[in-house]
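Heads up: the structure comes next, in structure tokens.
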Amino acid sequence: MIALFRAIARRVRAAVIETSGTTLDTIDRGVGGVRIWFMSRPHALHGSAVTRILIGFSLLGLAVSNFGSREYSYGAEWTEQFSQAPTTFVAIFPFSEIWKLCASPAGLTTVFVVVIVAAVALILGAATRISIIVLLVFWVSLSQLTTFTADQSDNLIRIALTFLLVSQCHRVWSVDSWLRNIRGKRVRGAGGIANVAHNVAVVALMCQICFVYVSGGLYKAGGKPWAGGWAIYDPLHVKQFSTWPELADFVTTFGPAVAFATTLTVLVQTMFPLMLLNTWTRRLALIVMVFFHIGIGVFMGLPWFSLSTLALDALFVRESTWMRLTGSSRTFVESVRREMDDAHSR
């Protein structure tokens, strides 16, 4: 009997050793694969470029749309916010200096102009990192002047700009890349460290938007309007948000469609990270969220909030898809140009 137990023990020990070795090999291969993925090359270059462009348009839209009422919303016509610090940001240098500058109408106008110029530079990808630094100082300072004009897109934009600063979002679709190609220069800083920094930034931004969607979905699921299936109806008929009352009435006329859209939004937001694991569910999730944010932008009058969120969704679109879109666009432009040339030659 003892001999039998010893034989069983030897078999079990051998199996454990073999399993441990296999597990360690698997872990080692996994760690090696992750290391290669982060260091070999920058991923999502086109996706990060789209993120840069859309964030730039969001900032440009925010600055331009508020420019006419800047002294009422931020500055001299309503100076209560300058009597005490509205947020902790304005107590930190250099944000504190921008806060003091905005106390005068000329200073506030200067800050708005700087933000507009930097946003245009970000869209074009001209001096990209410099424009990001300028926006991190001036736009963050401007957005913290008062809490009455702020929304969650301010936080999302600030986080996005921080990570875009260390990314290579200027490598494609930018003035920087165009000038670099003309001069025949290599990408400055291209290598293992730069690739790691870029890829970490991309992964961090992906995780951030996943956190936003999942937390929003779980919060919605706990509310009676979302659980009951009519939550989408309510904000579309509130005077403060409903920018198109007639259109809102039209799209919410059919009750089952409202219930379906409400339930689908909660499910997709809550399951968003898991839906990214499969190609078809990833496409479905992105399509649903695109229409969700288009609806927020159009029906609730929050276009810049929606645009800043869609900017991060662009990171989940494959590089091959962006390349196909680029090729199709070039083919279309060339065909239009040939037709115009033929028309002129006639």
Q: May I ask you to verify whether N199 is closer than 20 Å to T309 by Cα, in contact (Cβ under 8 Å) with a residue 40 or more places away in the chain and buried (at least 18 other Cβ atoms within 10 Å of the Cβ)?
A: yes
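Residue-wise test of (1) modelled with pLDDT of 80 or more; (2) surrounded by 14 or more Cβ atoms within 10 Å (Cβ to Cβ); (3) at positive phi.
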| position | (1), (2), (3) |
| --- | --- |
| L60 | yes, yes, no |
| G68 | yes, no, no |
| Q84 | no, no, no |
| T110 | yes, yes, no |
Q. If you go through the range 238-260 one residue at a time, do you hit one that is at negative phi, assigned to a loop (DSSP other than H, G, I, E, B) and modelled with pLDDT of 90 or more?
A. no
Q. If we scan the range 325-343, do we find a residue that is of a type in the set (A, V, I, L, M) and either in contact with a helix residue (DSSP H, G or I) (Cβ under 6 Å, 6 or more places away or on another chain) or touching a residue at least 60 places away in the same chain (Cβ under 8 Å) (or both)?
A. no
Q: Considering (1) part of a helix (DSSP H, G or I); (2) surrounded by 14 or more Cβ atoms within 10 Å (Cβ to Cβ); (3) within 21 Å of the chain's Cα centre (by Cα), say which one I130 fails and leave the rest.
A: (2)
Q.
For the structure I just gave you, tell me whether L218 is aliphatic (A, V, I, L, M), loosely packed, with under 15 Cβ neighbours inside 10 Å and in contact (Cβ under 8 Å) with a residue 24 or more places away in the chain.
A. yes
Q. Scanning the range 221-259 for residues that are more than 14 Å from V298 (Cα to Cα) and of a type in the set (S, T, N, Q), which turns out surrounded by the fewest Cβ atoms within 10 Å (Cβ to Cβ)?
A. T253
Q. Does C210 meet the test of being under 27 Å from V268 (Cβ atoms) and surrounded by 20 or more Cβ atoms within 10 Å (Cβ to Cβ)?
A. no
**Q.** Candidate set: the range 138-155, residues that are in contact (Cβ under 8 Å) with a residue 12 or more places away in the chain and surrounded by fewer than 17 Cβ atoms within 10 Å (Cβ to Cβ); chosen: the one nearest to R41 (Cα to Cα)
**A.** Q152
(Q) When you check L312 against the structure, is it of a type outside the set (S, T, Y), in contact (Cβ under 8 Å) with a residue 12 or more places away in the chain and out of contact with any strand residue (DSSP E or B) (no Cβ under 6 Å at 6 or more places or on another chain), yes or no? (A) yes
Q) From the list R158, R171, R180, which residue is without any contact (Cβ under 8 Å) to a residue 12 or more places away in the chain and buried (at least 16 other Cβ atoms within 10 Å of the Cβ)? A) R180
Q: Quick one: in the range 313-340, of everything that is under 28 Å from the mean Cα position of the chain (by Cα) and among the acidic types (D, E), which residue is surrounded by the fewest Cβ atoms within 10 Å (Cβ to Cβ)?
A: E319
Q.
So the check is Cβ under 6 Å with 6+ separation or different chains; which pairs have a first residue in the range 248-268 that's under 16 Å from D234 (Cβ atoms) and a second one that's among the polar types (S, T, N, Q) and modelled with pLDDT under 85?
A. A248/S242; V258/T252
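Yes/no matrix, rows are residues, columns are (1) small (G, A, S); (2) closer than 25 Å to V290 by Cβ; (3) in contact with a helix residue (DSSP H, G or I) (Cβ under 8 Å, 6 or more places away or on another chain); (4) modelled with pLDDT under 90:
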position	(1), (2), (3), (4)
L142	no, no, yes, yes
T162	no, yes, yes, no
L165	no, no, yes, no
W178	no, no, no, yes
V187	no, no, yes, yes
I193	no, no, no, yes
V203	no, yes, no, no
C210	no, yes, yes, no
Y219	no, yes, no, yes
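The values are calculated or read from the model by the stated rules, or taken from the named source; none is laboratory data. Remember, it's a predicted structure, so these values are computed and weren't measured experimentally. Backbone-built Cβ (ideal geometry, glycine too); neighbour counts: all protein chains shown.
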